[in-house]
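Beneath this line is the structure, given in structure tokens, with notes to follow.
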Amino acid sequence: MSLVNAKEMLKKAHKEGYAVGQFNINNLEWTKAILLTAQENNSPVILGVSEGAGKYMSGYKTVMGMVNGMIEELKITVPVAVHLDHGSYDGAIQAMNAGFSSVMFDGSHYSIEENVQKTKEIIVKAKAKNISVEAEVGSIGGEEDGVTGKGEIASPEECKLIADLGVDMLAAGIGNIHGKYPDNWKGLDFEALAAIQKAVGSMPLVLHGGTGIPVDMIKKAISLGVSKINVNTECQLVFAEATRKYIEAGKDLESKGFDPRKLLKPGFDAIKASVKEKMELFGSINKA
Ligand code: 13P
């Protein structure tokens, strides 16, 4: 059984200087493409599930049924964590009850006092079930499930406060943004990243908004302590592009080209290629 929490895989990544990709899933094709790519490349992987995607897939129990079934029937042996992405307090409790092995409690929009209090409660519940916990300090820019953040830079003192509560990984805003980066984006703030890592000791850091960050910035972020990188939009973009090309070429009108197993195949292959490319860049290949 390869379903694990994210603690050990991220500790190892932090120690050895690479990052594990969190790839968000939306449906069966996404999940299968990501799991197969991880297995083929002997890479640990984290499947990210936002609250919106969880609802779309019929709920957290359905997600776990699908993932557990695939792990068994596709013979996935690399470490796989199923992680709630940007969970609310109630969402985190529901995901833990449904069998998620990891949760993010995003209390970044609360006051620091309330973020601390709620994070503490989630940690107690998670520890009892051996589930890993990610917390966020300084909201990540862009839009995530309808919540828009401004791309703050997290304060190292607040990061230390939250890290000391006993979370397993910490997402800290360093100018990163969800979705596509605007042309006038200033890039990641590496001084802030170094100061945050210094403040939180050996705690693995999480970089959200992995789509569209230049390769050299990704490498530098990993060298400064980022051990988990979240990618969502990129898989959506490559899937949509491949599907559009298929339809624009009229392939759905040829023979049985309308069969969803054919129609969704180019998008599935595009996700596989994109995930492999990220695993290479993050350095997680052969680290299972
Ligand atoms: P992107 O959609 O920008 O890749 O960000 C994903 C993410 O950070 C999920 O939490």
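State yes or no: is VAL45 touching a strand residue (DSSP E or B) at 6+ places or on another chain (Cβ under 6 Å) and closer than 19 Å to VAL226 by Cα?
Numbers: touching a strand residue (DSSP E or B) at 6+ places or on another chain (Cβ under 6 Å): yes; closer than 19 Å to VAL226 by Cα: yes.
Taking the combined requirement at face value, the residue satisfies it.
Would you please list the contacts, defined by Cβ atoms under 8 Å and residues six or more apart or on different chains, that run from a residue in region 171-185 that is within 22 Å of VAL238 (Cα to Cα) and open to solvent by 50 Å² or more (accessible area, probe 1.4 Å) to a residue that is within 12 Å of the ligand (Cβ to nearest atom) and in a loop (DSSP other than H, G, I, E, B)?
LYS180/THR211; LYS180/GLY212
Is it the case that region 265-274 has a residue that's more than 15 Å from ALA19 (Cβ to Cβ) and open to solvent by 80 Å² or more (accessible area, probe 1.4 Å)? Full working, then the answer.
Applying the first criterion (more than 15 Å from ALA19 (Cβ to Cβ)) to region 265-274 yields 265-274.
Subsequent filtering for residues that are open to solvent by 80 Å² or more (accessible area, probe 1.4 Å) retains 265.
Within region 265-274 (the criterion being more than 15 Å from ALA19 (Cβ to Cβ) and open to solvent by 80 Å² or more (accessible area, probe 1.4 Å)), the answer is yes, since at least one residue qualifies.
Every residue in region 112-138 that is open to solvent by less than 80 Å² (accessible area, probe 1.4 Å), polar (S, T, N, Q) and over 14 Å from SER88 (Cβ atoms), please.
The answer is SER132, and nothing else.
Regarding region 234-257, can at least one residue be identified that is assigned to a helix (DSSP H, G or I) and among the hydroxyl-bearing types (Ser, Thr, Tyr)?
Taking region 234-257 as the starting set, the residues that turn out to be assigned to a helix (DSSP H, G or I) are 234-248, 251-253.
With the extra rule that they be among the hydroxyl-bearing types (Ser, Thr, Tyr), the set shrinks to 243, 246.
There is at least one residue in region 234-257 that is assigned to a helix (DSSP H, G or I) and among the hydroxyl-bearing types (Ser, Thr, Tyr).
Being within 13 Å of the ligand (Cβ to nearest atom), among the hydrophobic types (A, V, I, L, M, F, W, C) and without any contact (Cβ under 8 Å) to a residue 40 or more places away in the chain is the requirement here; does ILE218 meet it? Give the derivation first.
Values: within 13 Å of the ligand (Cβ to nearest atom): yes; among the hydrophobic types (A, V, I, L, M, F, W, C): yes; without any contact (Cβ under 8 Å) to a residue 40 or more places away in the chain: no.
For ILE218, the condition - within 13 Å of the ligand (Cβ to nearest atom), among the hydrophobic types (A, V, I, L, M, F, W, C) and without any contact (Cβ under 8 Å) to a residue 40 or more places away in the chain - is not met.
Test ASN68 against the stated conditions and say whether it is farther than 20 Å from ALA171 by Cα, in a helix (DSSP H, G or I) and open to solvent by 10 Å² or more (accessible area, probe 1.4 Å).
Details: farther than 20 Å from ALA171 by Cα: yes; in a helix (DSSP H, G or I): yes; open to solvent by 10 Å² or more (accessible area, probe 1.4 Å): yes.
In short, yes.
Pairs needed: first member in region 1-21, more than 15 Å from ASN230 (Cα to Cα); second member anywhere, among the β-branched types (Val, Ile, Thr) and surrounded by fewer than 16 Cβ atoms within 10 Å (Cβ to Cβ); C-beta distance under 6 Å; at least 6 residues apart or different chains.
The qualifying pairs are SER2/THR77.
Among all residue pairs at least 6 apart or on different chains, which show Cβ distances below 7 Å where the first residue, located in region 224-240, is under 14 Å from LEU193 (Cβ atoms) and the second is surrounded by fewer than 20 Cβ atoms within 10 Å (Cβ to Cβ)?
LEU224/PHE190; LEU224/ALA194
I'd like the residue in region 1-11 that is part of a helix (DSSP H, G or I) and under 20 Å from ILE76 (Cα atoms) and, out of all such residues, is most open to solvent (accessible area, probe 1.4 Å).
Going residue by residue through region 1-11, those that are part of a helix (DSSP H, G or I) are 7-11.
From the residues that got through so far, the ones that are under 20 Å from ILE76 (Cα atoms) too are 7-10.
Numbers: LYS7: 44, GLU8: 115, MET9: 15, LEU10: 2 Å².
Applying the filter and picking the extreme gives GLU8.
With the requirement that a residue be within 8 Å of the ligand (Cβ to nearest atom) and open to solvent by 20 Å² or more (accessible area, probe 1.4 Å), what does region 221-243 give you?
ASN232, THR233, GLU234, GLN236
For GLN197, all conditions in the list (1) open to solvent by less than 40 Å² (accessible area, probe 1.4 Å); (2) more than 13 Å from the ligand (Cβ to nearest atom); (3) farther than 24 Å from SER155 by Cα hold save one; what is the number of the exception?
For GLN197, the exception is condition (3).
Collect the residues in region 14-55 that are open to solvent by less than 40 Å² (accessible area, probe 1.4 Å), within 17 Å of GLU134 (Cα to Cα) and either away from the ligand (no atom under 15 Å from the Cβ) or among the aliphatic types (A, V, I, L, M) (or both), keeping them in residue-number order.
Once the filter is applied, which keeps residues that are open to solvent by less than 40 Å² (accessible area, probe 1.4 Å), within 17 Å of GLU134 (Cα to Cα) and either away from the ligand (no atom under 15 Å from the Cβ) or among the aliphatic types (A, V, I, L, M) (or both), region 14-55 yields ALA19, VAL20, VAL45, ILE46, LEU47, VAL49.
LEU264 - would you say it is away from the ligand (no atom under 15 Å from the Cβ) and either among the aliphatic types (A, V, I, L, M) or in contact (Cβ under 8 Å) with a residue 60 or more places away in the chain (or both)?
The answer is yes for LEU264.
Of a type in the set (Lys, Arg), touching a residue at least 24 places away in the same chain (Cβ under 8 Å), within 16 Å of the ligand (Cβ to nearest atom) and closer than 16 Å to VAL45 by Cα: is that true of LYS278 in this structure? Before you say what the answer is, go through the steps one by one.
Details: of a type in the set (Lys, Arg): yes; touching a residue at least 24 places away in the same chain (Cβ under 8 Å): yes; within 16 Å of the ligand (Cβ to nearest atom): yes; closer than 16 Å to VAL45 by Cα: yes.
When the stated conditions are applied, LYS278 passes them.
Within region 110-122, is even one residue within 16 Å of VAL4 (Cβ to Cβ), out of contact with any Ser or Thr (no Cβ under 6 Å at 6 or more places or on another chain) and outside any strand (DSSP E or B)?
no
I'm trying to understand the selection: among the residues of region 200-215, which are surrounded by 20 or more Cβ atoms within 10 Å (Cβ to Cβ) and either within 15 Å of the ligand (Cβ to nearest atom) or at positive phi (or both)? Explain how you work it out, then say what you get.
We begin by selecting, within region 200-215, every residue surrounded by 20 or more Cβ atoms within 10 Å (Cβ to Cβ); these are 200, 203-211, 213.
Matches in region 200-215: LEU205, VAL206, LEU207, HIS208, GLY209, GLY210, THR211, ILE213.
Among the numbered criteria (1) surrounded by 20 or more Cβ atoms within 10 Å (Cβ to Cβ); (2) part of a loop (DSSP other than H, G, I, E, B), which one does SER58 miss?
Single failed check for SER58: (1).
The values are calculated or read from the model by the stated rules, or taken from the named source; none is laboratory data. Here the structure is a predicted model, which means the values were calculated and not measured. Please note: Cβ atoms are built from the backbone with ideal geometry, for glycine as well, and neighbour counts cover all protein chains shown. The area values use the complete protein model at the heavy-atom level, side chains included, leaving out ligands, DNA and RNA. Shrake-Rupley method; radii C 1.70, N 1.55, O 1.52, S 1.80 Å.
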